[in-house]
Amino acid sequence: MASEETIPIIVEFTGGLEMLFSGERKHRLSVPAKDSKGDAVTVGWLVDYLCDEAMKDNRKEMFVLDGHVRPGILVLINDADWELEGEASYALQPNDNILFVSTLHGG
Amino acid sequence: MASEETIPIIVEFTGGLEMLFSGERKHRLSVPAKDSKGDAVTVGWLVDYLCDEAMKDNRKEMFVLDGHVRPGILVLINDADWELEGEASYALQPNDNILFVSTLHGG
Amino acid sequence: VTQGNWPLELEEYKRYGRQMIVPNVGIQGQLRLKAASLLIVGAGGLGCPAAAYIAGAGVGTIGIVDGDIVETSNLHRQILHSTAKVGMKKVESAIEFLASLNPNVRFIAHNEHLSPQNAKEIVENYDVVLDCTDHPTSRYLISDICVLLHKPLISASALRTDGQLIVLNSPPLPHGDPSGGPCYRCVFPKPPPAESVVSCGDGGILGPVVGIMGVLQALEAIKLIAAGKLTAREGEKAGEASMLLFSANSNPPFRSVRLRARRQKCFACSKEGGLTLESLSSGSLDYVLFCGVTTPVKIL
Amino acid sequence: VTQGNWPLELEEYKRYGRQMIVPNVGIQGQLRLKAASLLIVGAGGLGCPAAAYIAGAGVGTIGIVDGDIVETSNLHRQILHSTAKVGMKKVESAIEFLASLNPNVRFIAHNEHLSPQNAKEIVENYDVVLDCTDHPTSRYLISDICVLLHKPLISASALRTDGQLIVLNSPPLPHGDPSGGPCYRCVFPKPPPAESVVSCGDGGILGPVVGIMGVLQALEAIKLIAAGKLTAREGEKAGEASMLLFSANSNPPFRSVRLRARRQKCFACSKEGGLTLESLSSGSLDYVLFCGVTTPVKIL
Ligand SMILES: [Zn+2]
Ligand SMILES: [Zn+2]
């Protein structure tokens, strides 16, 4: 029963990352409340899920490199740097907004 | 009992209107849930309250003119023009954000 | 010399290449920019940066309306006018700069203030209008003539450390059509009392604050033109209208708010409103008295 | 000729009057602007509008670093360079424009790219730095030298229809002091892989998008200087660091996000980091290899 509970969240991409996700900046997702081990689902889980399930582009390494979000991508949980919120271990809450920003360098 | 219930709201002023309210742009207020007649408190009630109680400046006519918010001031309820929300008759809800914007004309 | 079957000249591919490779522009967007004509009312703190980026982007025809001359007190924010141009007409000064930036553009000088008498004659030649003026009187006049002539209007303003931006009358459908975008009178049906109106001359202004608002006007104009939205498409309805608020000392500094749609009894854009080209140009609408101004109106 | 006991000359009161009457500027803010020196690294799409408004506001000394020459493909967004200046050094072209806008300012030309070898010598003469460059290599180098020399840094970037702005190392406290503002390496400890780095030349850019970001840099610089925040006050702690994100096609277009404070093990600004003036200028930190770039680095 509990494993079928889902959490509604919003995932956004900007700075060019949206091009890896069908060109869409804003995605409304329903994610399971618990992972396969019965633990609360985290942002780390979400990153894997996005890479494996949501990303249609082949260039996975533009999003995840060596098992981590690639350098140059900022992850924001409800508009705060995820390092302020426990990074990958942050447990997703209903209606959380997770924003992935690719750093720009042009000028 | 019920008359002592309060609602927390945020009132903001911009475009120069903050100068009428002690120079503060953002005010966190607790307003009574019901007015003296026992009706739900509205934005119209709030405008009178701000004019009578919160405004230290003498120039009341810069905020309220002929019983209405003066022309050139836009009232926004949770970032939407109050005309979309029922104008002065809108009943305040907990954590509402009411923004008063004075139209600028400079260029 | 055009390059055989190429729709642009070689110099234009070089000049506009960096914006043509942006998704949503492309060759079609660039050709639309080249074919478009745009009117900037006011060559001051908003008009200067707006004009620079619009000319840079290659809008084909740019008209500028202003009756003022360059003053030293303008220079901190009106960055197209150099110190040597103090005393020169603002329109001439601006066009001198702009033509040296992009000689491909056709510039039209209107060395006078916009008035009920000349508004139709000036505005009817353009596809889209930027309100870069400094007073509610001109803001109501510009909105009215844009409604009457079916022109989208990009309006910005600034004072001290604050700025505001709205795209009005977009799509520019005829009066009475609720699918058109709201006009200035839909949002502000009554003019503010004269004593509440503060100009940049009196209230002060930080240069970059009005600069940001002017560049944002240029961006909205380029987006509108490149997307082919100068006229309404078959069956098109206005999206949600919004106003962008900027406060340099607030955190966050920018805020977008939702505006209402066309007002059913709007004086300008509804069926029952009563605004006509005749009433406007005959002077029967006294824009100066209407806003309660007694001193001469100055478009800064 | 100074006017008796007046701290500014008559021409300066005229020129800056509109910004001096803005609350938070005043005569004290104007004198601080006049006394300040500011370095702009990169005279391109960000540097052009930033420089125009900073010169307009009367910052006393402005240095500009760039080794490039003006090209036709720059002109749609690098609005200080006119068509006749194609082929000229960007720094010379920019200063020619800026000096004609405001002859009161002292301009210093650095006709070369910033490098580990010249960074200390150039940057140490200024109070505050604007990163208006086009590549992560220069962004890490500029941040490092600003940390080492205790200079606040205002960093912006843009690509296609997006822009980003951060104020870094503010207050500019010595390395190891957690009350100082975070540096670029605190926010981005590891450089992005080379294949993820796209320049405006390759990815394209809308002129007003990079223009808005450059004007925002000017605004942050003017606010910082006028408020007397070039150096830390006794006991001052960094406020919450934030990044402003801009997306021309999003609604709302602007978004502010909260960044972390100084990173306890930051290579540049922590006690244990290991960055020194010697390691930087000796070339032992290979900024080019570090970012995985094999082709020559170009500051656009
Ligand atoms: Zn209307
Ligand atoms: Zn650091």
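The values are calculated or read from the model by the stated rules, or taken from the named source; none is laboratory data. For clarity, every value in this text was computed on a predicted model and none was experimentally measured. No Cβ is skipped: glycine too gets one built from the backbone with ideal geometry, and neighbour counts run over all protein chains shown. For accessibility, only protein heavy atoms count, side chains too; no ligands or nucleic acids. Shrake-Rupley method; radii C 1.70, N 1.55, O 1.52, S 1.80 Å.
Of note:
- Amide N proximity, the range D:56-97 versus D:Ala35 label position 7 Å along Cα-to-Cβ, cut-off under 14 Å: D:60-61
- Stokes-Einstein D (µm²/s) once Rh is taken as the Kirkwood radius of the range D:1-97 over alpha-carbon pairs, at 4 °C in 1.567 mPa s: 88
- Shape analysis of the protein assembly as shown yields a ratio of the Cα radius of gyration to the Kirkwood radius, Rg/Rh, of 0.96.
- Relative contact order computed over the range C:67-193 (Cα-Cα under 8 Å; 6+ residues apart), in percent: 15
- Distance between modelled label sites at D:Lys14 and A:Glu83, nm, 7 Å Cα→Cβ extension: 5.1
- For C:Gly63, the amide hydrogen comes within under 5 Å of the amide hydrogens of C:Leu38, C:Leu39, C:Ile40, C:Ile108, counting only partners 5 or more places away or on other chains and with H modelled in the peptide plane.
- Neighbourhood net charge (15 Å Cβ-Cβ; Lys/Arg +1, Asp/Glu -1) for D:Ile21: +2
- The rotation axis bringing chain D onto chain C passes closest to the chain D residue reported with its distance as D:Phe254, 2, by C-beta distance in whole Å.
- Taking 7 Å steps out from each Cα toward its Cβ at D:Glu195 and B:Lys37 produces label points 7.1 nm apart.
- Most simply put, chain D has about 50% antiparallel DSSP beta bridges, counting only bridges with both residues inside it.
- For the range C:65-159, convex hull of alpha carbons as volume per residue, Å³: 107
- Share of pairwise Cα separations in chain D, more than 33 Å, in percent: 20
- Residue-count net charge about D:Phe267 - beta-carbon cut-off 13 Å; Lys, Arg +1, Asp, Glu -1: +4
- Longest to shortest principal axis, alpha-carbon extents of the range C:161-300, angstrom: 42, 39, 22
- Across identical copies of the chain, D:Glu9 has label-point separations of 4.3 nm, listed in ascending order, with the point defined 7 angstrom from Cα along Cα→Cβ.
- Residue among D:Ser256, D:Ser170, D:Ser281 with the largest mean-square fluctuation in a Gaussian network model of chain D, springs linking Cα atoms under 10 Å: D:Ser256
- At least 40 Å² accessible surface lost relative to isolated chain, residues of the range A:35-68 (1.4 Å probe): A:Met62
- Lysines with Cα under 22 Å of A:Lys26, excluding same-chain neighbours fewer than 8 positions away: A:Lys56, A:Lys60, C:Lys223
- When every Cα-Cα distance of chain A is counted in 10 angstrom steps from zero, the calculated P(r) takes the values 14, 50, 31, 5, 1, 0 percent.
- Those residues of the range C:139-182 for which accessible area with every protein chain present is at least 10 Å² below the isolated value (1.4 Å probe): C:Arg139, C:Ser157, C:Ala158, C:Leu159, C:Arg160, C:Thr161, C:Asp162, C:Gln164
- Between C:Asn111 and C:Glu278, the FRET efficiency estimated from the beta carbon spacing at R0 = 22 angstrom works out to 0.25.
- Once Rg and the Kirkwood radius are both taken over the C-alpha atoms of the range C:202-284, their ratio Rg/Rh works out to 1.06.
- Theoretical ellipticity at 222 nm over the protein assembly as shown - DSSP helices of four or more residues, -39500 (n - 2.57) apiece, nearest 500: -7500 deg cm²/dmol
- Note, ³J(HN,Hα) from phi for the range C:248-256, Karplus 6.51, -1.76, 1.60, rounded to Hz, x at Gly and Pro: 4, 9, 9, 10, x, x, 10, 8, 9
- Only Cα pairs under 8 Å and 6+ residues apart enter the sum, and on that basis the relative contact order of the range A:13-84 stands at 24 percent.
- Anisotropy class of the range C:147-232 from Cα gyration tensor, a/c 1.5 cut: oblate
- Whole-Å distance, taken between Cα centres, linking the range C:180-218 and the range D:122-155: 36
- Only Cα pairs under 8 Å and 6+ residues apart enter the sum, and on that basis the relative contact order of chain D stands at 21 percent.
- Summary for D:Thr83: label point 7 Å along Cα→Cβ; distances to the equivalent points in the other copies, ascending, 2.9 nm.
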